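The values are calculated or read from the model by the stated rules, or taken from the named source; none is laboratory data. Computed from a prediction, not measured in an experiment: that's the story for all the values here. Please note: Cβ atoms are built from the backbone with ideal geometry, for glycine as well, and neighbour counts cover all protein chains shown. Note: areas computed on protein heavy atoms with side chains; ligands, DNA, RNA excluded. Shrake-Rupley method; radii C 1.70, N 1.55, O 1.52, S 1.80 Å.
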Amino acid sequence: MTARRTHIVGAGIAGLSAALTLGRSGGEAVLYEAAPEPGGRCRTIHPADGFSHDNGTHVLFTANRQALNLLKAVGARDRWIEPERTGLPLYDARTGAMRRIGLSPWSWLRPSRRPPGIGISDLARILRLAFAVQDCPVASIIGNRPIMDSLIGPLTVAVLNTPPEAASARRLALALRSLLWPRAGRLLVARNGLSEDLVQPAVETLQTLGVPILAGQRLRSLVIHDDRVIGLSLTDRTIALRPEDQVVLALPPYEIERLLPALPVPRRFEAILNLHFRMPGLERPRFFGLTGALAQWLLVRRDHVSVTVSAADAAVHRDAADLAAAIWRDVVPVLRDLGLEASADRQPEARVVKEKRATIRQDASSLPQPPLRPLANLALAGDWLGTLPATIESAVISGEEAVAALQHAPAAGAYPSRHHPHRREDAA
Ligand SMILES: Cc1cc2nc3c(=O)[nH]c(=O)nc-3n(C[C@H](O)[C@H](O)[C@H](O)COP(=O)(O)OP(=O)(O)OC[C@H]3O[C@@H](n4cnc5c(N)ncnc54)[C@H](O)[C@@H]3O)c2cc1C
């Protein structure tokens, strides 16, 4: 008897997670990726001139248990380090003040870690947000309080990549509640970069498990017969599936819409703007937040400085050189504070990466969701599925759940999800 083979399409984090889940349980899998390299939206760019940098800075929290488990499984957990062990430094560009804030509410027991301007009535608002029952925009709960500027606003755009005026309180609540556990609010970054510290270790583990990755293979169309996929038409080959074979599509929603047009999928996206300044930095990464500026997050690495602007739909259309000049002016005071040589009138070489569809727009109106298993032998994966914020954590979970849905689902679309509880109804 031949072993059942699972064809996984898309080698972003969701596809890698599905492949690792299958490979580690002894299943036979093969991974197809349209791009020349795996990693998807979570990757390092290696230009010919040697200035390598991530597409954009990615952070994890210690609360992201599934993502950290994946890192452990591929031997890369210790490559993710906590750059700011004593609280996140936050620079207010309007006043020039720098202070550290704790991301976990427990850390606020120490006055030096409390977000500026936080009072008792704010704690009540944060609790209402963390346990939001009805969905509504984050800003409608927090209002125009100082903590919107110093904590909730930055956290909302970082986690949901959607402005607080529109962002879903319920999605943010899931992230906030996970930060309530002691030591869950520690922020981690890849020591050297996303490829070296996440994607490559995953690829090497898959090689050891005997799971091949075929890069440069775009899925053009699915061949479907009687509620089953029977063929995959790829860039330079067509794969005929055997009756026992299965498929995981670990793809963004617009690709699912193209391949399976009847399925409901989210159609709105938000941009993230990333700038990378080539300059001598620091041996050990440092990470800062900025308020009152276009720049929101700053990561200092050994040979460059990366700046992130999330929920950047307005900024992303601006001219790249103008953006680089404006953002450089924002970050100079922080860099000088670190003892680095930086002057407003001498901007280093900059690379601008505009991710126009960085994530789905996670606003308070409920997003269209397809069933997890829309065909008898096909399941979906991707950070955009379910109700969790669309992040690495959600991508990892979705890969695991797609595999579980194919293994255990009693009927198409009816797989009850641990992490995406509302999918069951969606699927009905
Ligand atoms: C700039 C930026 C910053 C971010 N910051 C954070 C952060 O700080 N923390 C965090 O947790 N998350 C962050 N995210 C989100 C995170 O990157 C995503 O949640 C995650 O990478 C999504 O993985 P995925 O596998 O679901 O999707 P993708 O990464 O989009 O993977 C899909 C893969 O499918 C491939 N593909 C597409 N079409 C086809 C086809 N037809 N055939 C074959 N292959 C195909 C693509 O090339 C891609 O490799 C950020 C994202 C961006 C863009």
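Quick look at the values:
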| read-out | value |
| --- | --- |
| Among the candidates A76, A97, residue that is away from the ligand (no atom under 16 Å from the Cβ) and of a type in the set (G, A, S) | A97 |
| Residue that is surrounded by the fewest Cβ atoms within 10 Å (Cβ to Cβ), among those in segment 355-377 that are outside any strand (DSSP E or B), of a type in the set (A, V, I, L, M, F, W, C) and away from the ligand (no atom under 16 Å from the Cβ) | A376 |
| Given (1) out of contact with any helix residue (DSSP H, G or I) (no Cβ under 9 Å at 6 or more places or on another chain); (2) open to solvent by 10 Å² or more (accessible area, probe 1.4 Å), index of the condition D245 fails | (2) |
| Selection count, segment 382-408, where residues are within 14 Å of the ligand (Cβ to nearest atom) and within 29 Å of C136 (Cβ to Cβ) | 17 |
| Flag if A311 is farther than 30 Å from V229 by Cβ, in the same structural domain as A63 (by TED's automatic domain parsing), in contact (Cβ under 8 Å) with a residue 12 or more places away in the chain and within 16 Å of the ligand (Cβ to nearest atom) | yes |
| In segment 344-365, the residues that are acidic (D, E) and more than 15 Å from A158 (Cβ to Cβ) | D345, E349, D363 |
| Counted residues, segment 223-238 - those being more than 31 Å from the chain's Cα centre (by Cα) and among the hydroxyl-bearing types (S, T, Y) | 1 |
| Subset tally (residues that are closer than 21 Å to I45 by Cβ and surrounded by fewer than 20 Cβ atoms within 10 Å (Cβ to Cβ)) for segment 202-240 | 4 |
| Residues being farther than 25 Å from A390 by Cα and either within 16 Å of the ligand (Cβ to nearest atom) or not small (G, A, S) (or both) - total across segment 1-23 | 4 |
| Qualifying positions in segment 24-65 - of a type in the set (D, E), within 6 Å of the ligand (Cβ to nearest atom) and over 20 Å from the mean Cα position of the chain (by Cα) | none |
| Enumeration of residues in segment 283-319 that are among the β-branched types (V, I, T), more than 12 Å from L335 (Cα to Cα) and in contact with a Lys or Arg (Cβ under 7 Å, 6 or more places away or on another chain) | V316 |
